[in-house]
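Heads up: the structure comes next, in structure tokens.
The values are calculated or read from the model by the stated rules, or taken from the named source; none is laboratory data. Keep in mind that what you see is a predicted model, and the values were worked out from it rather than measured. A quick note on method: Cβ atoms are made from the backbone with ideal geometry, for glycine too, and the neighbour counts reach across all protein chains shown. Only protein heavy atoms, including side chains, enter the accessible area calculation; ligands, DNA and RNA are left aside. Shrake-Rupley method; radii C 1.70, N 1.55, O 1.52, S 1.80 Å.
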Amino acid sequence: MELRISNLSKTYANGVVALDNLSLTIPVGMFGLLGPNGAGKSTLMRTLATLQEADTGSVFFGEYDVLDEKDAIRRLLGYLPQDFGLYPKVTAYELLEHFAVLKGLGNRAQRRDVVDALLQQTNLFELRHRRLGTFSGGMRQRFGIAQALLGDPKLIIVDEPTAGLDPQERVRFHNLLSDIGAERTVILSTHIVSDVADLCSTMAIINQGHLLLAGPTQQLIDDISCKIWARFVEKKDLLYFQQRHAVISTRLLSGRTLVHVYSEDDPGDGFEEAIGDLEDVYFATIAGRHGAADRCD
């Protein structure tokens, strides 16, 4: 089912505007929500997960009104928040079974089958009798996905799921998310651009509560591909290039400073046309250099 967000706004008591008249349509499949810290991503995720109220606007998941039919949405929802607390002295099996009871799986035999299947799916079955306090960060996140999958949800929300994971656990988690995202609406909220590039066929970028850009991920990359120019510079010369060009990113590559510039035409100064990627889309959009109307012909 499609998720339709219309004119959603939220201002906190301290005056912070977390969401500002945001409208967005999220299709079935893996959807990436990118933005820096403080962009409003977690506020949006908590609102979609029925954990907080919006000030104005509407959200529909299929025919369900997310803001008014909270109990119905919760039966369709799986949620892995950014800070997922666990009871350290309880085993994985015990806690997942407890969550299954809360999800309404009253039949003991059925519940056991579901819990076993989810532990198998998340590659935790052999660890099912270990206390959760002994789990690594990646194991905890995979357990978080297991609990989010209870009840066969149609909408799954995961908020900053790979932050702090080592490379091996991150690959495992990516594979797991890819497997579950084929026939569900899965929203991956993150500030890690490569997570969206690896997993999501559609995406959006938000900042300061505003929607800046949305669409198919590959199309957004194609739209910027002719506008990115790159060259290595000496660190002492970086300020000179920042003053003369629309620099969208700088990073070290093999100890050298690589500068990416956004320009419709050859900017000169030794820059060469580069192959744009999602990181370029993100940085150019956040910097206000690139938007929905900017496309390569």
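I want to check the label-to-label distance for residue 265 and residue 250. Put each point 7 Å from Cα in the C-beta direction and report it in nm to one decimal. Result: 2.6 nm between the two label points. For residue 202, the amide hydrogen comes within under 5 Å of the amide hydrogens of 32, 217, counting only partners 5 or more places away or on other chains and with H modelled in the peptide plane. Heavy-atom accessible area, probed at 1.4 angstrom with all protein chains present, ranks 232, 135 as 232, 135, highest first. Of all lysines in the structure, those lying under 24 Å Cα to Cα from residue 154, and not within fewer than 8 positions of it along the same chain, are 41, 70, 103. Among the cysteines of the chain, those whose beta-carbon sits 4.7 Å or more from every other cysteine beta-carbon are 200. With the convex hull drawn around the C-alpha atoms of the range 226-274, the volume per residue stands at 66 Å³.
Between the residues 45, 28, 248, the greatest Cα displacement towards the positive end of the dipole of the chain, with unit charges on the Cβ of Lys, Arg, Asp and Glu, is found for 45.
Ranked from largest, the principal axis spans of the Cα set of the range 174-282 equal 49, 28, 26 Å. Taking 0.36 nm per residue of separation and subtracting the current Cα-Cα distance, fully stretching the chain between residue 13 and residue 171 would add 52.9 nm.
Rounded to the nearest 20, the Cβ-based charge dipole of the chain about its Cα centre (Lys and Arg +1, Asp and Glu -1) stands at 1320 debye. Summarising the label geometry, the points placed 7 Å from Cα in the beta-carbon direction at residue 112 and residue 6 lie 4.9 nm from one another. Once you reduce the range 60-125 and the range 150-222 to the center of their Cα atoms, the two points are 20 Å from each other. Sort the chain into rounded, prolate or oblate with this rule: let a ≥ b ≥ c be the square roots of the eigenvalues of the Cα gyration tensor; rounded if a/c is under 1.5, and if a/c is not under 1.5, prolate when a/b is larger than b/c, oblate otherwise. Judged from the Cα gyration tensor, the chain comes out prolate (a/c at least 1.5, a/b above b/c).
Seen against the Cα atoms of the chain and their longest principal axis, helix 108-121 is set at about 30 degrees. For the range 126-215, DSSP calls about 50 percent of its internal beta bridges antiparallel. Any idea what angle helix 137-148 forms with the longest principal axis of the chain, computed on alpha-carbon atoms, 0 to 90 degrees, nearest 10? It works out to around 60 degrees.
Across the chain, C-alpha contacts under 8 Å between residues 6 or more apart give a mean separation that, scaled by the residue count, equals a relative contact order of 21 percent.
Here the 3J(HN,Hα) profile of the range 202-210, calculated from phi with Karplus coefficients 6.51, -1.76 and 1.60 at θ = phi - 60°, is 9, 7, 8, 10, 10, 7, 6, x, 10 Hz, Gly and Pro shown as x. The angle between the Cα long axis of helix 92-102 and the main principal axis of the chain comes to about 80°, on a 0 to 90 degree scale. Counted residue by residue at 0.36 nm each, then reduced by the alpha carbon distance between them, the extension gain from residue 63 to residue 236 reaches 56.5 nm. For the chain, with all protein chains in place and a probe radius of 1.4 Å, 47% of the accessible heavy-atom surface sits on carbon or sulfur.
Per residue, the accessible area of the range 3-215 comes to 45 Å², computed with a 1.4 Å probe over protein heavy atoms only.
Database remark: amide H of residue 274 closer than 5 angstrom to the amide H of 228, 229, 230 (H placed geometrically; neighbours at sequence offset of 5 or more, or on other chains; Pro and chain starts carry no H).
Sequentially through the range 2-14, phi angles give Karplus couplings (6.51, -1.76, 1.60; θ = phi - 60°) of 7, 9, 10, 10, 10, 6, 7, 9, 8, 10, 7, 4, 7 Hz, Gly and Pro residues having no value and appearing as x. Here the Karplus curve 6.51 cos²θ - 1.76 cosθ + 1.60, taken at θ = phi - 60°, turns the phi angles of the range 265-276 into couplings of 10, 4, x, x, 6, x, 6, 10, 4, 10, 7, x Hz, with x standing for Gly and Pro.
Given H placed on each backbone N at 1.01 Å, which residues far from residue 23 in sequence or on other chains put an amide H within less than 5 Å of it? Amide H to amide H, under 5 Å and 5 or more residues apart or across chains, residue 23 pairs with 7, 8, 211.
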